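Peer 1: Starting off with a structure, shown below.
The values are calculated or read from the model by the stated rules, or taken from the named source; none is laboratory data. Quantities reported herein were computed from a predicted structural model and do not represent experimental measurements. Heads up, the Cβs are rebuilt from the backbone with ideal geometry, glycines too, and the neighbour counts pull from every protein chain shown.
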């Protein structure tokens, strides 16, 4: 009997270890852009979740060999649009190039807040991280934004975009972002071209309780950083000159 119980206990422990390993290795796909015209929003993404909207502003986008090519064309200052440069920069969120999607991640079974966001990306010239901003709002009342070059990778370094494909594994907590969202943007405050091939979350840290807006908000423990236009865009542009 003791041998039998020992075997049962050993089996349970093996199963538990295997289950934990599966949970640790689980990946929540955001989008992979395969076989998709980016100028026509599909009802559902490749992860099966509804795409509420995709947002294209001041750019040209196309599908190129299964990847999304984004040619950012932010608007330059024009006194016909803004009386002063101060007003122009105060409305930076309007004139920046913006790619973004709202995907109903809360509807996915077993969705979790995660430690990492992986972005497969390349640039036309390299160095595009200095011209980009990543921002998202998991709910309408929460906003997070950071310059792409200030994000923190899993190894503690900062992103550097090159002309070759690479997987940038972003440490969300270290970068000041919550571990999941349903609205995601990459904006540009200077002209540049990038390609995106796949975006995904991994290394679950806590399940998302999507039973109500209150429970979702309770899980968003990262301190808000504000909207992208709140960042010092004028200073960022000055650094590029």
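Peer 1: For region 142-165, does any single residue satisfy the condition of being under 24 Å from residue 104 (Cβ atoms) and in a loop (DSSP other than H, G, I, E, B)?
Peer 2: Yes, because at least one residue in region 142-165 is under 24 Å from residue 104 (Cβ atoms) and in a loop (DSSP other than H, G, I, E, B).
Peer 1: Residues that are modelled with pLDDT under 95, surrounded by fewer than 20 Cβ atoms within 10 Å (Cβ to Cβ) and more than 12 Å from the chain's Cα centre (by Cα): does region 125-139 have at least one?
Peer 2: Checked against the condition, which is being modelled with pLDDT under 95, surrounded by fewer than 20 Cβ atoms within 10 Å (Cβ to Cβ) and more than 12 Å from the chain's Cα centre (by Cα), region 125-139 yields at least one hit.
Peer 1: Does residue 183 satisfy being within 14 Å of residue 134 (Cβ to Cβ) and surrounded by 17 or more Cβ atoms within 10 Å (Cβ to Cβ)?
Peer 2: Spelling it out, residue 183 is indeed within 14 Å of residue 134 (Cβ to Cβ) and surrounded by 17 or more Cβ atoms within 10 Å (Cβ to Cβ).
Peer 1: Can you find a residue that is under 30 Å from residue 85 (Cα atoms), touching a helix residue (DSSP H, G or I) at 6+ places or on another chain (Cβ under 7 Å) and in contact (Cβ under 8 Å) with a residue 60 or more places away in the chain anywhere in region 203-216?
Peer 2: Within region 203-216, none of the residues are under 30 Å from residue 85 (Cα atoms), touching a helix residue (DSSP H, G or I) at 6+ places or on another chain (Cβ under 7 Å) and in contact (Cβ under 8 Å) with a residue 60 or more places away in the chain.
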